[in-house]
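**Q** Below is the structure I would like to discuss, written out as structure tokens.
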Amino acid sequence: MKRNNHALILLIVMMFFGFSTLGHAEEKPNSGFLKVLKVGQTITMKEGFGKYQLTVIDGMKLGHKVIEIGVDYIVLEDLSGSLETYIPFSSIQGIVKIRTPGK
């Protein structure tokens, strides 16, 4: 009987930790300064002193394509599709959004 209680307690503890870590892995940043970025969007990227300034221009087709927005990084792809750049959020200086007239 004592062995069954230990097994039950161990099972409950394993389930608790399994579910709590699963929820954290699926978090996606959808607020703050990243809310202007969307997967599939085309942006320009300018690097200076180890920091990146990203610029979003409505309707723009030149630059880099956002292919992934992770929990603490973004992935950009060049237009040829041959180069992927992984940028941690700590290396983003800022995001500029330029709206064209009529949009």
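The values are calculated or read from the model by the stated rules, or taken from the named source; none is laboratory data. None of the values given here were measured: they were computed from a predicted structure. Note: ideal-geometry Cβ built from the backbone for every residue, glycine included; neighbour counts use all protein chains shown.
**Q** Filter the stretch 48-71 down to residues that are modelled with pLDDT under 90 and of a type in the set (D, E, K, R) and give me whichever is surrounded by the most Cβ atoms within 10 Å (Cβ to Cβ).
**A** D58
**Q** Listed residues I95, I74; which is modelled with pLDDT of 90 or more, among the hydrophobic types (A, V, I, L, M, F, W, C) and within 13 Å of the chain's Cα centre (by Cα)? Outline the logic, then answer.
**A** Details: I95 fails: within 13 Å of the chain's Cα centre (by Cα).
From the options I95, I74, the qualifying one is I74.
**Q** Residues that are of a type in the set (G, A, S), surrounded by fewer than 13 Cβ atoms within 10 Å (Cβ to Cβ), modelled with pLDDT of 90 or more and part of a helix (DSSP H, G or I): does the stretch 81-90 have at least one?
**A** Yes, because at least one residue in the stretch 81-90 is of a type in the set (G, A, S), surrounded by fewer than 13 Cβ atoms within 10 Å (Cβ to Cβ), modelled with pLDDT of 90 or more and part of a helix (DSSP H, G or I).
**Q** Can you tell me which residues in the stretch 39-62 are in a loop (DSSP other than H, G, I, E, B) and in contact with a Ser or Thr (Cβ under 9 Å, 6 or more places away or on another chain)?
**A** Within the stretch 39-62, G50, D58, G59, M60, K61, L62 meet the criteria.
**Q** Can you tell me which residue in the stretch 1-38 is surrounded by the fewest Cβ atoms within 10 Å (Cβ to Cβ), limited to those that are assigned to a helix (DSSP H, G or I) and either modelled with pLDDT of 70 or more or in contact with a helix residue (DSSP H, G or I) (Cβ under 9 Å, 6 or more places away or on another chain) (or both)? So that I can check it myself, show each step before the final result.
**A** Residues of the stretch 1-38 that are assigned to a helix (DSSP H, G or I), as a first pass: 2-25, 32-36.
Still in the running and either modelled with pLDDT of 70 or more or in contact with a helix residue (DSSP H, G or I) (Cβ under 9 Å, 6 or more places away or on another chain) (or both): 9, 12, 32-36.
Working: I9: 10, I12: 10, G32: 8, F33: 12, L34: 16, K35: 10, V36: 13.
That would be G32.
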